[in-house]
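These notes concern the structure reproduced below.
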Amino acid sequence: MKNVLNKIRVSWPLLVLVVFYGYLGLHALSGSLSVFKWADYSERAAELDAEIARLQSVRQTLERREAQLRGEHLDLDRLDEEARRTLNVSGANDIVIWLDETP
């Protein structure tokens, strides 16, 4: 019995070290900043990059439309079109064809 107690007394630091490394290894694989989460982060970053590209194209479209309505080079047809669209007004003899402007 004394021999068993002596072995435990000598090997307990090793046991504590193994448990500590096991704890760190578990969190390295499944914690909030783990290897598996990094894969999710890179996938989410790719999704957000696609969203940024889509929003930039929408912004460019809106900037082109805004440039046509600026005072320096006002496009009267575009102004008339926007006024009719906003007010839902058309003349009696007008034929209105609305085009889908989504990219």
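Observations on the model:
- Each residue of the chain gets 175 Å³ once the volume of the Cα convex hull is shared out per residue.
- Positive-end extreme of charge dipole, the chain - chosen from L62, L74, Y41 (charges on Cβ): Y41
- Modelled this way, with points 7 Å down the Cα-to-C-beta line, the labels at Q68 and E51 are 3.0 nm from one another.
- Once the Cβ-Cβ distance of V10 and A39 is raised to the sixth power relative to R0 = 41 Å, the FRET efficiency obtained is 0.45.
Any read-out appearing in this document is the output of simple, stated calculations on the displayed coordinates, not a laboratory observation. Small disclaimer: the values here were computed from a predicted structure and weren't measured. Ideal geometry is used to build each Cβ from the backbone, glycine not excepted, and the neighbour counts take in all protein chains shown.
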